[in-house]
Amino acid sequence: MIIFVLYKKIYAVMSREQIIDKHKSLFWYTPEAEKQSISDALLVERILNDGTLDDYRELIDTLGGKRVAEVFFSAKGRQKQNYYPEIYHFFSLVLKKYV
């Protein structure tokens, strides 16, 4: 974990493994031994669908905005349908504007 101070606020940048551990309830169907090897596509999908905006910020800090946008917009067919329609619409607007 990397900690830095910006404008008198303390931010901690988590590693990919720490995000997965923190949100292990989102991956309840994945065996414990395989949780650290889940794909970026699954990680982005679960955090965007069921996480909070703070979780989204942690994801951006960890994977980077370009990588999250790349994974999000590369979802085609059934993968794209895994996102809730309102979630897909919201994050497509946010990622197009800010990334």
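The values are calculated or read from the model by the stated rules, or taken from the named source; none is laboratory data. Owing to the predicted nature of the structure, the values given are computational and were not obtained by experimental measurement. Neighbour counts run over all protein chains shown; Cβ positions are idealised from the backbone, glycine included. When the accessible area is computed, the model is the full protein with side chains, heavy atoms only, and any ligands, DNA or RNA have been set aside. Shrake-Rupley method; radii C 1.70, N 1.55, O 1.52, S 1.80 Å.
Going through the stretch 47-89 one residue at a time, which ones are in contact (Cβ under 8 Å) with a residue 40 or more places away in the chain and open to solvent by 90 Å² or more (accessible area, probe 1.4 Å)?
none
Quick check on my filter: what residues within the stretch 79-99 are in a helix (DSSP H, G or I) and of a type in the set (A, V, I, L, M, F, W, C)?
Within the stretch 79-99, ILE87, PHE90, PHE91, LEU93, VAL94, LEU95 qualify.
What number of residues within the stretch 90-99 satisfy the criterion of being free of Cβ contacts under 8 Å to residues at least 12 places away in the same chain and surrounded by 13 or more Cβ atoms within 10 Å (Cβ to Cβ)?
2
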